[in-house]
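Have a look at the structure below before the remarks.
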Amino acid sequence: MIVQGREDTSVGSIYAVETMDVAYGYTNNILFDNVNLMVERGKSIAIMGRSGSGKSTLLRIINGSIRPIRGMVRVLGVEVYGRYSNGLRRRVAYIPQSLGLVDNATVLENVLLARAADSPFRALLGLWRKEDVDGAMSILKSIGLDEKARSKVNMLSGGERQRVAIARALMQGARVVLADEPVSNLDQDNARSILDIFKEMGRRNSTSSIIVMHDRALAEEYADEAYMLADKRLSRLW
Amino acid sequence: MVIWVLIIIALILAYFLGLIDLDSWLKASKNLSVFASDLYIRYDLLPDALHAVGETFIIALFGTVVGALISYPLSAISAQGITARWVSLAVRTIANVLRTVPAIFWGILFVVMFGPGNVAGAVALALYTAGYLSKFFYETFENVSKEHYEALGSLALPWMVMAKALFKHTEKQMASHIMFMFEYNLRTASILGIVGAGGIGYYITQYVSILNYAAAFTFFIVILLFVFLVDGVSYIIRRRI
């Protein structure tokens with residue numbers, strides 16, 4: 001499979017993400033325990049739960065940002081030990097609530113940043129290859145942001161900023177997208193259009209997405225599977 | 001209770017410093033009245049004073065600009081989360097040394113190296129600014145949320161590109177820090193002349209040494225008004241950034 005011009009070399013199980021008996025917290029204060037999650041490639045998963053239940057922490061563990069106190073995490077068939085190898089690193093896009101965009105940079109610059117690791121000196125000088133710019137513009141067009149390519153991201157609406165973060169994940173060629181409450185602050189129309197993009201990513205590129213969300217009706221509409229993180233346990237809703 | 005302790009300590013120290021001596025206070029007030037009678041503006045010296053302010057401005061501007069340029073890579077390497085911890089600690093120590101040594105001591109060093117004049121002051125301020133702005137910059141980096149770092153981290157960016165992205169992300173705060181530093185440097189450049197490192201302080205020191213207080217006062221008033229003006233403009237710009 002070709003993902004944005006690069007061959008997908010990921011091998012391993014049919015699961016994009018596997019967590020086995022994962023626990024996080026302190027000895028006397030466990031946030032969650034025995035979390036088992038198997039996400040098939042191309043599927044969209046919703047994780048719900050009350051604030052403070054550990055949804056964001058679980059995403060960060062899968063992202064390799066923090067280590068669980070117990071259990072094992074495997075992404076694209078490779079075991080994650082707190083940090084990813086560089087090869088695997090770019091296969092996983094993490095979109096936090098703050099989105100992680102570079103304010104004061106344009107939409108196009110933010111999307112092109114996904115290619116900076118390929119040509120760091122070009123990235124430093126801002127001299128991008130034509131094929132990278134064309135690729136970024138094509139992605140922006142597919143999500144309806146091509147006309148705002150030269151706008152600074154801090155001038156965009158919440159929904160537009162969310163799309164830029166997703167466009168960057170697409171440009172990155174991510175096979176797994178971890179999105180922390182991407183639709184919480186959006187109206188229903190905007191929320192649906194964002195979730196449509198995740199769904200389309202799964203259909204076209206077999207990109208799996210794990211989305212933290214609160215709206216059960218939206219989750220029922222869009223998620224292939226949904227889980228509830230409550231009382232320190234992750235339980236499957238459907 | 002604390003206030004009484006402070007009062008007693010102040011009185012004891014004043015005694016040992018010779019401040020509880022009526023004669024010395026009488027002599028001091030006499031000197032002050034002589035000094036005050038000489039405090040008037042010498043309009044004939046205004047062109048020279050403006051020229052000296054221009055020199056001071058250039059020293060402060062050079063120090064700020066070059067110091068900022070040096071502090072860009074220093075802060076990027078110093079910030080935790082961008083480079084390895086030992087690298088960040090080593091570079092942070094260098095920045096701390098640059099900042100801890102007062103600008104006036106750097107001035108003395110460069111007067112010895114380059115001789116008296118504006119060059120010594122400009123280089124001294126550049127070094128001092130590099131230390132200060134490095135701290136401001138890396139603290140700004142470290143105030144960026146962990147999640148933000150993690151999101152950018154998932155792009156596997158080399159540290160230089162990561163630093164560029166973070167500079168861009170925080171460029172308004174960075175610009176504000178640079179403006180603040182320029183105001184600070186303008187004041188510091190005004191006193192570097194005391195050790196011969198150029199600027200208006202050099203002229204004021206020379207006039208004071210020949211007891212020409214009116215000339216010194218004229219230069220002092222001109223730099224004071226100029227600093228007020230720059231502070232005001234800088235404040236307006238920083239609010240708009």
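The values are calculated or read from the model by the stated rules, or taken from the named source; none is laboratory data. Everything numeric in this text was worked out from a predicted model, so none of it was measured. With ideal geometry, Cβ positions are generated from the backbone for all residues, glycine too; neighbour counts draw on all protein chains shown. The protein model used for the area step is the full one, side chains on, heavy atoms only, and it has no ligands, DNA or RNA in it. Shrake-Rupley method; radii C 1.70, N 1.55, O 1.52, S 1.80 Å.
Brief remarks follow.
- Amide H to amide H distances under 5 Å link residue A:104 with A:153, A:154, where only residues 5 or more positions off or on other chains count and H is placed in the peptide plane.
- As a calculated quantity, the FRET efficiency between residue A:27 and residue B:142 at R0 = 35 Å, using C-beta atoms, amounts to about 0.75.
- Angle between chain A longest axis and helix A:158-172 axis [Cα atoms, degrees, rounded to 10]: 90
- Per residue, the accessible area of region B:43-240 comes to 46 Å² when a 1.4 Å probe rolls over the protein heavy atoms.
- Contour minus Cα-Cα distance for residue B:211 and residue B:231 (0.36 nm per residue): 4.2 nm
- Simple label model, 7 Å out from Cα along Cβ direction - residue B:10 to residue B:90, nm: 5.0
- Percent carbon-and-sulfur accessible area, region B:43-240, ignoring ligands, DNA and RNA, probe 1.4 Å: 71
- Rg followed by Dmax, in Å, when region B:71-146 is reduced to its Cα trace: 14.2, 48
- Model label sites at residue A:141 and residue B:48, defined 7 Å from Cα along the beta-carbon direction, differ in position by 7.1 nm.
- In the complete set of protein chains, residue-level accessible area for residue B:228 is approximately 130 Å², probe 1.4 angstrom.
- Other-chain or far-sequence residues with amide H under 5 Å of residue B:197's (modelled H): B:117
- Modelled FRET efficiency - R0 25 Å, residue A:237 with residue A:187, Cβ distances, 0.05 increments: 0.55
- Kirkwood hydrodynamic radius over Cα pairs of chain B, then Stokes diffusion coefficient at 10 °C and 1.306 mPa s, in µm²/s: 77
- Exercise: per-residue mean of other protein chain Cβ atoms within 10 Å, B:160-171: 5
- Exposure rank, largest accessible area first [A:19, B:93; 1.4 Å]: B:93, A:19
- Proximal charge balance of residue A:121 [Cβ under 13 Å; K/R count +1, D/E count -1]: +3
- For chain A, the longest principal axis of the alpha carbon atoms and the long axis of helix A:188-205 meet at an angle near 90°.
- With DNA, RNA and ligands ignored, accessible area of residue B:25 (1.4 Å probe; Å², nearest 10): 150
- When nucleic acids and ligands are ignored and a 1.4 Å probe is applied, residue A:199 ends up with an accessible area of around 80 Å².
- Local electrostatic count at residue A:104 - Lys and Arg +1, Asp and Glu -1, tallied over other residues with Cβ under 14 Å: +3
- Amide H contacts under 5 Å for residue A:70, placed H, 5+ residues apart: A:23
- Projecting label points 7 angstrom from Cα along Cα→Cβ for residue A:133 and residue A:151 puts them 2.1 nm apart.
- Phi angles across region B:38-48 convert, under the Karplus curve 6.51 cos²θ - 1.76 cosθ + 1.60 with θ = phi - 60°, into 3J(HN,Hα) values of 8, 8, 9, 7, 9, 4, 5, 8, 4, x, 5 Hz, Gly and Pro given as x.
- Hypothetical label at residue A:118: residues of region A:165-187 whose amide nitrogen lies under 15 Å (7 Å Cα-Cβ projection): A:168-175
- The string of couplings for region B:208-221 from the Karplus curve (6.51, -1.76, 1.60, θ = phi - 60°) is 5, 5, 9, 6, 8, 5, 4, 5, 4, 5, 4, 5, 5, 5 Hz, one whole number per residue in order, with x for Gly and Pro.
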